[in-house]
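Asks: I have a structure here, written as structure tokens, and I will follow up with some questions on it.
The values are calculated or read from the model by the stated rules, or taken from the named source; none is laboratory data. Note that the structure is predicted; figures quoted are calculated from it, not measured. Glycine also receives a Cβ, built like all others from the backbone with ideal geometry; neighbour counts cover every protein chain displayed.
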Amino acid sequence: MRVLKTQITIIIFFVLQLSQMSFAQPFLISDLAALDFSIDRRARVVYIDHLFSNDVFSYNLTTNKLDTTVYPYCPQFANKNYWAFIHEYGFIDFENDSVLTFENLEDFKGGLSFMFSPNDFGFIGTSGEDNPYSVRANSYYSISDKKLYNSLSESMGLRWERPNPSWSSDTTMMFCTTNRDIIIDVNLKAGEIVDTVLKSHEIVAFKYFPYDDYLLYVNSEYNWQRIWKYNLDSKRSEVFYDFDTENPESHCKGSPFGFESLQWSPNKKKMAFVGFFYTISASGIYCHFSDSNKTYLYGICDDYGKKYNVEWMDNDTIFYWNATEARIYGYDLSSPITSVENDIKLPKAYLSINNYPNPFNPSTTITYSLPQLPNQSLVKIRLLVYDTLGRVITTLVNEKKQSGTYSVTFNAEGLASGVYYYSLITESNVITKPMILIK
């Protein structure tokens, strides 16, 4: 079992003014390079899948301490009617101090892994080759029946990749068909189609909300720029959100749009989701407030970060994975943004960092540049060096700087040959590059 030592940094919340709109800025959960994460809300613990080692470590948000115990994967937690999690062989119920063991779960660690039903009374397991685009076998486990159902087959033509399926009840799930033109409802126990929910064309994303009996979806109409709301009772669609007209400052013309990770807060008062553009590496966090029936943008289209896997920590805070930076971030969604503070954000396009020579022995010079800042403002930066396990080797810079070009020498005397990483970290961006030590 390896021990990972890393610095965990919580960055202060701050907001940014863009044109006539204001946007919140994300706060960094951890410096640990991440591939995925999961949350145990009751225990207030985040499980982080380390990018370089693929080991999983847990961070306690109450004590602000990293647990160096290594987990094989990010456990999926039930936090509603159960306080439990699934491991590769069984279901562990914390509240009742019981363990339910069943076979054939070993194969589920790839693909989409485990997904709990809306009320935690069952879960779906999928297998694949460690990514959601290679799913080849699927099973449903009923916690109340204590039974595993292998009723779904490839011949049914169900899409597990985008658009991803969506729960419609604790025993049924909605799927898009292979041609992406029909959404059907499937009984997971019987493996039978219950209903043809919607016929459309070129559906790229959808999400059903069993609590309110409506379906959100995006198709190719209006250049993928609208989220439609489909009422299952009236069989009619209406515009839920128009990205073109409601947020012109964040709009990227001509880019097909999608959304994912639509998640209700635990009290069902807010719904957070990721909106992203397929043709560029950018996405924004959105939050819909059910009381006012309004949706607000908490990011901008060109904020240099593609975001996935939105999860609620509590009723006011979400965490998400920034795939571009390989880090876990959070947003405070307690209320819509109404005030503006003039904090400094450094666009990644204007940050630069390189080292020379590379490969090197035993030292190399790391040069980084900061853009011109208004009123000669200072910005807090850190320059860290990691090994391939994500352990911080040294902190080269940790101070406020003005605009300009700076250089610092990294001496690897005493370190073994291999690949190392250096990261330039500001309050809004992280740039990481590799360097090779050859002795």
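Asks: Scan the range 154-177 residue by residue and report those that are basic (Lys, Arg) and part of a strand (DSSP E or B).
Replies: Taking the range 154-177 first, the residues basic (Lys, Arg) are 159, 162.
If the condition is that a residue be basic (Lys, Arg) and part of a strand (DSSP E or B), then no residue fits.
Asks: Are there strands (runs of 3 or more DSSP E) fully within the range 312-395 with at least 3 residues that are among the polar types (S, T, N, Q), modelled with pLDDT of 75 or more and outside the structural domain of Phe27 (by TED's automatic domain parsing)? List them.
Replies: Filter on the range 312-395 gives 352-356, 363-370.
Asks: Something else about it: Taking the options Leu35, Leu66, name whichever one is assigned to a strand (DSSP E or B) and within 16 Å of the chain's Cα centre (by Cα).
Replies: Result of the check over Leu35, Leu66: Leu35.
Asks: Take the residues in the range 11-32 that are at pLDDT 75 or above and in contact with an Asp or Glu (Cβ under 9 Å, 6 or more places away or on another chain), then tell me which one is nearest to Cys74 (Cα to Cα). First the steps, then the outcome.
Replies: Just the residues of the range 11-32 that are at pLDDT 75 or above, to begin with: 27-32.
Narrowing the set further to residues that are in contact with an Asp or Glu (Cβ under 9 Å, 6 or more places away or on another chain) leaves 27-28.
Details: Phe27: 22, Leu28: 19 Å.
Applying the filter and picking the extreme gives Leu28.
Asks: Could you list all residues from the range 119-153 that are part of a loop (DSSP other than H, G, I, E, B), modelled with pLDDT of 50 or more and in contact with an Asp or Glu (Cβ under 6 Å, 6 or more places away or on another chain)? Talk me through it step by step, then tell me what you get.
Replies: Of all residues in the range 119-153, those part of a loop (DSSP other than H, G, I, E, B) come to 119-121, 128-136, 143-146, 150-153.
Still in the list and also modelled with pLDDT of 50 or more: 119-121, 143-146, 150-153.
Answer for the range 119-153, where residues must be part of a loop (DSSP other than H, G, I, E, B), modelled with pLDDT of 50 or more and in contact with an Asp or Glu (Cβ under 6 Å, 6 or more places away or on another chain): Asn119, Phe121.
Asks: Hey, does the range 424-435 have a residue that's in a strand (DSSP E or B), surrounded by 17 or more Cβ atoms within 10 Å (Cβ to Cβ), among the hydroxyl-bearing types (Ser, Thr, Tyr) and modelled with pLDDT under 85?
Replies: Yes.
Asks: Residues of the range 183-206 being assigned to a strand (DSSP E or B), free of Cβ contacts under 8 Å to residues at least 24 places away in the same chain and closer than 16 Å to Glu221 by Cβ, which ones?
Replies: Matches in the range 183-206: Lys199 only.
Asks: When you scan the range 256-263, do you find a residue that is within 17 Å of the chain's Cα centre (by Cα), within 18 Å of Lys207 (Cβ to Cβ), surrounded by fewer than 20 Cβ atoms within 10 Å (Cβ to Cβ) and modelled with pLDDT of 80 or more, even just one?
Replies: Checked against the condition, which is being within 17 Å of the chain's Cα centre (by Cα), within 18 Å of Lys207 (Cβ to Cβ), surrounded by fewer than 20 Cβ atoms within 10 Å (Cβ to Cβ) and modelled with pLDDT of 80 or more, the range 256-263 yields at least one hit.
Asks: Is at least one residue of the range 242-249 farther than 26 Å from Leu198 by Cβ, at pLDDT below 80 and in contact with a helix residue (DSSP H, G or I) (Cβ under 9 Å, 6 or more places away or on another chain)?
Replies: no
Asks: Please give the number of the condition Tyr214 fails out of (1) touching an Asp or Glu at 6+ places or on another chain (Cβ under 7 Å); (2) modelled with pLDDT of 75 or more; (3) farther than 27 Å from Ser153 by Cβ; (4) buried (at least 16 other Cβ atoms within 10 Å of the Cβ).
Replies: (1)
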